[in-house]
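Asks: Handing you this structure, nothing more for now.
Values in this text are rule-based calculations from the coordinates and carry no lab data. Keep in mind that this is a model prediction, so the values were computed, not measured. Every residue, glycine as well, gets a Cβ built from its backbone with ideal geometry; the counts of neighbours run over all protein chains shown.
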Amino acid sequence: MPTRIAAVAVGLLVSLSSAPALAQLLDVPFDTYCPPNSEAACFGVATVMGLNPKGDGFLAVRTGPGSNYPMIGKVHNGDRVGTYAKRGKWHAISFGPNNTLGWAHGNWLGNFIP
């Protein structure tokens, strides 16, 4: 019986890890849903660029659109990110191998592809 419980626990862990990327952890969540056959662009792609290599060397990704929100990740020059929404100069993005969701300042996002 303990083996069966362990197998169920592993199955649950696997299904949780394949859940949508951390939207529930954002202080300011955003929608990544794009209706099928939508005529409008629902999301795009941007490249991180212009970061000073002698500075921090990364662009902070935060839980909301402002530097007062906690940092949850970092992106670097050349990284490509998905873009979904915008609030002021802040962009809702997905980044990294797991398409983690967060907010990044738009000053360092360029080469937008809708």
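Asks: Describe numerically, in nm with one decimal, the distance between label points set 7 Å from Cα along Cα→Cβ at I113 and at N77.
Replies: 2.1
Asks: Can you give the extra length, in nm with one decimal, that the chain gains between N37 and N68 once fully stretched, where that is 0.36 nm per residue apart less the Cα-Cα distance?
Replies: 7.4 nm
Asks: Could I ask something else about it? Tell me which residues come under 5 Å, amide H to amide H, from I72 once H is placed; ignore anything under 5 positions away on its chain.
Replies: Under 5 Å from the amide H of I72: V61, R62, T63.
Asks: Further, regarding this structure: For W90, which sequence-distant residues (separation of 5 or more, or a different chain) have an amide H within less than 5 Å of its own amide H, given hydrogens modelled in the peptide plane?
Replies: When sequence neighbours closer than 5 places are left aside, the close amide H contacts are G106.
Asks: Can you compute 3J(HN,Hα) from phi for each residue in region 62-71, using the Karplus curve 6.51 cos²θ - 1.76 cosθ + 1.60 with θ = phi - 60°, rounded to whole Hz and x for Gly and Pro?
Replies: The phi angles translate into 10, 7, x, x, x, 6, 7, 8, x, 7 Hz.
Asks: Hey, another quick one. Please give the per residue volume of the convex hull enclosing the alpha carbon atoms of region 21-113, rounded to a whole number of Å³. Display every interim value, and only then the final one.
Replies: Values: hull volume 9.1 nm³, N = 93.
Spelled out: Cα convex hull of region 21-113, divided by residues, is 98 Å³.
Asks: R62: net charge of surrounding residues, Cβ under 12 Å, Lys/Arg +1, Asp/Glu -1, itself excluded? Mind dumping the intermediate values first?
Replies: Numbers: positive: K74, R87; negative: D27.
That works out to +1.
Asks: Sort the following peptides by mean Cβ neighbour count (other Cβ atoms within 10 Å, averaged over residues), highest first: 93-102, 25-34.
Replies: 93-102, 25-34
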